[in-house]
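Q: Input: one structure, supplied below.
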Amino acid sequence: MAGPVRHQGSPDGEAATEGGPQPGKAVPKGKAKKGKSRPRDKKQRPAHSVRLNEHELAIIRSGAEHVGMSVAGFLAYSGLAAARDQSRTAAAIATERDVLTALFGVRRQLGWAGSNVNQAVKALNSGVDAPHFAAALADLQRAAQAVQRAADRITNRQEDEAA
């Protein structure tokens, strides 16, 4: 038993008057009617994007999975925790690049100091008196050891992050 043809517009097959789909006209591909958009809260939180390289993303994903959070939730929680403890965060966030730049500067200074020590040794070998030479040499050795310890800490931190 064939009944009347039902169309989503006017029951008689004529054009709908309320802007709905027209009988006999197909909706073009990619132009599907969108559903009603969700009402936005006037105080909706802004979204932020973060660019990470693959290694950084892997570390963050691992951390998020470890505590059972989404990556976005983990980033938000971690960022808020860091922002609340700014004195500790300032030291922790000092990028390796900044630290390495400082270390390279200190290395240059150590090179200059080493050159001065060499000149003092040359003077001592030629019979000139250098009363503060031992103290200067000890200071130079302590500075070189401090640079080595800092470089070791950076290397160990990189190894810990990779694990």
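Q: For T89, T155, T101, give me the order by solvent-accessible area with a 1.4 Å probe, most accessible first, ignoring ligands, DNA and RNA.
A: T101, T155, T89
Q: Quick one: order R61, R51, R84 from most to least accessible surface, probe 1.4 Å. Let's see the in-between values first.
A: Details: R61 125, R51 225, R84 175 Å².
Listed by decreasing accessible area, they come as R51, R84, R61.
The values are calculated or read from the model by the stated rules, or taken from the named source; none is laboratory data. All of these numbers come straight from a predicted model, not from anything done at the bench. Just the protein is used for accessible areas: all its heavy atoms, side chains included, with ligands, DNA and RNA removed. Shrake-Rupley method; radii C 1.70, N 1.55, O 1.52, S 1.80 Å.
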